[in-house]
Amino acid sequence: MFLIVGIGNPGDKYLETRHNIGFQIALRFGQKYNIEIQTQKFFSFFGKGEVFSQPVILLLPQTFVNLSGKAVQAAISFFRIDYSQTVVIHDDLDLDFGNIRLKFGGGEAGHNGLKSITQCLGSQEYGRLRFGIGKPEFAHSVTDYVLGNFSQTEKTLLDQYIAQSILMLESVIQNGIHKTMNLFHQKKDLTHQTLHS
């Protein structure tokens, strides 16, 4: 069983913000596989379905980003899901917009949602899908930046990057996170090297 968690803040005013890209990707994934994320439990909205004959749970914590761990820990405990089959989708300031990377374990890079999850689970050993949102021009505007909407230019590219994220999640379900990291990151790195050689 896989748990896919989209991190974000509840409420319509946050729906299209950079900080809510986890919600957007999880919702789009649910639409593709007819998984309705409507049931209220675990301080979240969640839905259950099957992807490639594997049971999958999609979770949207309603605790606000900084308290995401409370929801993730509750769902993992109830369903007895292995951390290695848990993927948290989140925005990442350290990656350029549209740069999408998978990661297993390691630090939280200052992301308060990940800090909360690590604290509640007592472990860093879970998967993350890092969706690059880039950094604001001025450091003091980070909060406004992550809670702001994507620019018009970014919005024109957002659908294709969300689609790429879904491809990566599908591969995690089919192949596991470590093999998927090798498949996607080597391919992207080779492309980068070719373009700049």
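Computed values, structure above
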read-out	value
Residues being within 23 Å of N175 (Cβ to Cβ) and surrounded by fewer than 17 Cβ atoms within 10 Å (Cβ to Cβ) - total across the range 1-27	1
Members of the range 32-48 found to be part of a strand (DSSP E or B) and either hydroxyl-bearing (S, T, Y) or open to solvent by less than 20 Å² (accessible area, probe 1.4 Å) (or both), listed by number	T39, S44, F46, G47
Residue within the range 111-120 that is part of a loop (DSSP other than H, G, I, E, B) and out of contact with any strand residue (DSSP E or B) (no Cβ under 7 Å at 6 or more places or on another chain) present	no
Filtered residue count, the range 70-92, keeping only those that are open to solvent by less than 50 Å² (accessible area, probe 1.4 Å), under 14 Å from the mean Cα position of the chain (by Cα) and of a type outside the set (A, V, I, L, M)	4
Residues being farther than 15 Å from E16 by Cβ and open to solvent by less than 30 Å² (accessible area, probe 1.4 Å) - total across the range 140-149	1
Only listed residue being within 16 Å of the chain's Cα centre (by Cα), within 18 Å of Q164 (Cα to Cα) and surrounded by fewer than 22 Cβ atoms within 10 Å (Cβ to Cβ), chosen from L67, L102, L95	L95
E137 being open to solvent by 50 Å² or more (accessible area, probe 1.4 Å), part of a loop (DSSP other than H, G, I, E, B) and under 23 Å from F46 (Cβ atoms)	no
Among the candidates Q164, Q152, Q160, Q124, residue that is over 26 Å from Q31 (Cβ atoms) and open to solvent by 50 Å² or more (accessible area, probe 1.4 Å)	Q124
Residue identified as modelled with pLDDT under 95 and basic (K, R) among K115, K188	K188
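The values are calculated or read from the model by the stated rules, or taken from the named source; none is laboratory data. Since this is a predicted model, take the numbers as computed values, not measurements. Positions of Cβ are backbone-derived with ideal geometry, glycine not excepted, and every protein chain shown enters the neighbour counts. Accessible surface areas use protein heavy atoms only, side chains included; no ligands, DNA or RNA. Shrake-Rupley method; radii C 1.70, N 1.55, O 1.52, S 1.80 Å.
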